Amino acid sequence: MSRPVIEPILITEPQRWRANDDEVELLARWMDNVFEIPGTGIRFGFDAIIGLVPAIGDVVTSFVSMYILRVAARRGVPRVVLLRMSANLAIDYLAGSVPVVGDAFDVYWKANIKNVELLKRHAVAGPLSAKHGSAGDWLFVAGLIAGLVALLVGCGAITYFVASAVWHAIAR
């Protein structure tokens, strides 16, 4: 028994985006931009507020943010764009997990707004870009991979030097 194939939806007119996905844009606005610090122009949302709750705040907001990722997957967004959206969420979660500094980062990063913009860009993209992602998406993912490799090499080097120093200290 075969499973039905679900064709991706490609929206080529911005008006159709508005008609179908206002709730996704509204969710991103509530999570990232709904409040403003008077006189500063600095905007923040429930992501920054809920993230103040130790241990579970950032987990809760990450689950809410994954809804936008789910919508993007249902729309047939290219895998490279989904990876970029996932990286936005991962950065938001990891940086937001750091006490105090992470909460300030949540005000700056706005992963939900970034992801809705990626979803909108895909929704109004041409067929080739809609199928394979843009050069910017590929560059972002390549930069992310390069950064992770550099982090891995750096951690390995630090581990080697610490282990070497401990070994020499014990061997004396």
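The values are calculated or read from the model by the stated rules, or taken from the named source; none is laboratory data. On a predicted model such as this, the values are computed, not experimentally measured, just so you know. All Cβ positions, glycine included, derive from the backbone under ideal geometry; neighbour counts span all protein chains shown.
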Can you tell me which residues in region 21-39 are surrounded by 12 or more Cβ atoms within 10 Å (Cβ to Cβ) and in contact with a Phe, Trp or Tyr (Cβ under 8 Å, 6 or more places away or on another chain)? 24, 27, 30, 31, 32, 33, 34, 35
Which numbered condition trips up residue 66, out of (1) closer than 23 Å to residue 142 by Cα; (2) touching a residue at least 40 places away in the same chain (Cβ under 8 Å)? (2)
What tally of residues in region 52-66 results from selecting those that are crowded, with 19+ Cβ neighbours inside 10 Å and not hydroxyl-bearing (Ser, Thr, Tyr)? 2
Verdict on residue 116 being of a type in the set (A, V, I, L, M) and either modelled with pLDDT of 90 or more or not in a helix (DSSP H, G or I) (or both): yes
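Results for (1) at pLDDT 90 or above; (2) under 19 Å from the mean Cα position of the chain (by Cα); (3) part of a helix (DSSP H, G or I); (4) among the small types (Gly, Ala, Ser), shown as yes or no for each residue.
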| site | (1), (2), (3), (4) |
| --- | --- |
| 4 | no, no, no, no |
| 10 | no, no, no, no |
| 25 | yes, yes, yes, no |
| 29 | yes, yes, yes, no |
| 38 | yes, no, no, no |
| 48 | yes, yes, yes, yes |
Output for region 40-51, where each listed residue is surrounded by fewer than 14 Cβ atoms within 10 Å (Cβ to Cβ) and not hydrophobic (A, V, I, L, M, F, W, C): 40, 41
For residue 69, the lone unmet condition from (1) out of contact with any Ser or Thr (no Cβ under 9 Å at 6 or more places or on another chain); (2) surrounded by 14 or more Cβ atoms within 10 Å (Cβ to Cβ); (3) in a helix (DSSP H, G or I) is (1)
